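Since the structure comes first, as structure tokens, the remarks are kept for the end.
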């Protein structure tokens with residue numbers, strides 16, 4: 001599946017579960033890590049896990065599995081690595097601290 005199509009599925013899943021401040025960062029021109037980051041935050045560890053679960057479920061319905069998942073146990077920052085698309089689901093305080101949008105400001109940022 002193309003990265004752009006994955007991003008659309010991911011963003012829709014996050015919107016359906018009421019993720020906060022969803023942003024995509026197109027990093028194709030500045031990094032070999034992947035094509036896109038999708039960044040959002042949840043309101044609690046339970047909400048953050050629900051967001052990650054929904055993304056995994058919706059992409060699995062489309063036949064896509066993640067390569068790697070980190071942070072699910074603590075649910076302060078869950079990372080889902082789908083190769084060309086990397087999803088970052090933060091607790092609000094941690095998102096402010098790490099500020100990926102600032103670190104990757106050379107990419108193309110899209111607010112949702």
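FYI, it's all coordinate maths here, none of it is from the lab. Computed from a predicted model, the values in this text were never measured in an experiment. A quick note on method: Cβ atoms are made from the backbone with ideal geometry, for glycine too, and the neighbour counts reach across all protein chains shown.
Name every residue in the stretch 67-94 that is under 24 Å from residue 29 (Cβ atoms) and surrounded by 13 or more Cβ atoms within 10 Å (Cβ to Cβ), in order of residue number.
79, 80, 81, 82, 83, 84, 85, 86, 87, 88
Have a look at 58, 49 and point out the one that is farther than 25 Å from residue 104 by Cα and surrounded by 15 or more Cβ atoms within 10 Å (Cβ to Cβ). Steps first, answer last, please.
Values: 49 fails: farther than 25 Å from residue 104 by Cα.
After applying the criteria, what remains is 58.
If I ask for residues that are touching a helix residue (DSSP H, G or I) at 6+ places or on another chain (Cβ under 9 Å), touching a residue at least 24 places away in the same chain (Cβ under 8 Å), over 26 Å from residue 32 (Cβ atoms) and not in a strand (DSSP E or B), which ones from the stretch 50-105 would you list?
Within the stretch 50-105, 51, 54, 57, 58, 74, 75, 76 qualify.
Among residues belonging to the stretch 1-16 that are surrounded by 17 or more Cβ atoms within 10 Å (Cβ to Cβ) and out of contact with any strand residue (DSSP E or B) (no Cβ under 7 Å at 6 or more places or on another chain), point out the one that is nearest to residue 57 (Cα to Cα).
Pass one, the stretch 1-16, residues surrounded by 17 or more Cβ atoms within 10 Å (Cβ to Cβ): 6-7, 9-11, 13-14.
Those still in the list that are out of contact with any strand residue (DSSP E or B) (no Cβ under 7 Å at 6 or more places or on another chain) too: 9, 13.
Numbers: 9: 10, 13: 9 Å.
Looking at the filtered set, the residue picked out is 13.
Select from the stretch 29-46 the residues that are outside any strand (DSSP E or B) and in contact with a helix residue (DSSP H, G or I) (Cβ under 8 Å, 6 or more places away or on another chain) and write down the one among them that is surrounded by the most Cβ atoms within 10 Å (Cβ to Cβ).
Residue satisfying both the conditions and the ranking: 35.
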